[in-house]
Every structure is written in structure tokens, then in C-alpha cells.
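Q: Got a structure here, written out as C-alpha cells. Questions coming.
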Amino acid sequence: MPWRSGVLACAVLLLGGCSSAHEADVEQVARTFADPAEEPAARCDLLAPETLAEFEESAGSPCAEAITQLPTDAGDVRSVEVWGRDAQVKLAGDTVFLTETRAGWRVTAAACRAQADAPYDCEVEG
């Protein structure tokens with residue numbers, strides 16, 4: 001039976017490795033999206049399709065134009081949490097929500113502020 005505990009230990013290490021790999025990918029996408037120095041079109045490409053459509057509709061303009069109006073005080077990453085195919089990145093001045101798609105991690109909500117007893121209030125959401 002000692003082999004079972006060895007297999008279990010390896011499984012735990014593998015899962016932990018996957019989680020940290022996902023966290024690094026999620027963090028990179030959130031940082032790129034939140035960085036106003038990035039090209040607007042590149043930032044728009046990081047939006048999930050439904051979020052992109054909703055953002056353009058609510059802004060009344062193409063994403064590459066509207067995205068330049070988002071707050072620019074995102075700051076440093078404070079925490080990254082991944083739950084299966086969904087994730088949250090808390091930055092100093094923003095919270096970004098993501099989902100894993102066939103194209104990689106994509107932003108589903110951004111420019112989000114926590115509300116006392118309510119869900120996040122987000123300027124970008126789909």
C-alpha cells in the first residue's frame with residue numbers, strides 16, 4: 001500500500017503545478033488587458049466574445065476606441081484565484097474576471113469595483 005501514498009503525492013504535485021501554471025497565464029492576461037500602454041486592439045482581443053459584443057454595444061463605439069476610456073489605475077497584482085475554468089485577478093485598483101476558452105484565457109469582466117453587500121460593479125462585462 002505504500003505505492004498509493006506515493007501516487008497520491010505525485011497527483012497533488014501535478015495538480016499544484018497545473019494550478020500555478022494557470023495562475024501565471026491568468027495573471028499575464030489580466031496585466032496585459034489592464035495596461036493602458038498596450039495597443040487597444042491587443043487589449044480588445046483579450047475579451048471573451050460575448051463580453052466584447054456587450055462592451056461595444058454599451059459604449060456605442062468600437063472596442064479599440066472605447067477601451068482607451070477605461071480607468072488606468074489598475075496597479076500591481078494583489079491576488080490570483082483560479083477555479084476550474086474561471087478566474088479572478090485582484091489588482092491594486094481593479095478586479096478582472098476571466099474564463100478559459102479554446103483561444104486561452106479571456107476577460108469576462110474588468111474595471112470592477114467591490115460593492116459592500118452587492119456584486120461587483122464592472123464597466124466591462126458580458
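Every number here is computed from the coordinates shown, using simple stated rules; none is lab data. All of these numbers come straight from a predicted model, not from anything done at the bench. Cβ sites come from the backbone with ideal geometry, for glycine too, and all protein chains shown count toward neighbours.
Q: Using the Cα gyration tensor of segment 29-126, with a ≥ b ≥ c the square roots of its eigenvalues, what is the shape: rounded (a/c below 1.5), prolate (a/b larger than b/c) or oblate (neither)?
A: On the way: a/c = 1.33, a/b = 1.20, b/c = 1.11.
Because its axes are fairly even, with a/c under 1.5, segment 29-126 counts as rounded.
Q: How do 80-86, 114-120 rank on mean C-beta neighbours within 10 Å, highest first? Numbers along the way, then the final one.
A: On the way: 80-86: 13.6, 114-120: 8.1.
Descending mean neighbour count gives 80-86, 114-120.
Q: Still on this structure, I have one more. For every other residue with a beta carbon closer than 10 angstrom to the beta carbon of R113, add +1 if it is Lys or Arg and -1 if Asp or Glu, then tell me the sum.
A: Working: positive: none; negative: D94, D121, E123.
That works out to -3.
Q: Something else about it: Modelled label-to-label distance, E38 and T72, 7 Å Cα→beta-carbon offset: nm?
A: 1.6 nm
Q: Measuring from label point to label point, each 7 Å out along Cα→Cβ, what is the S61 to D117 span in nm?
A: 3.8 nm
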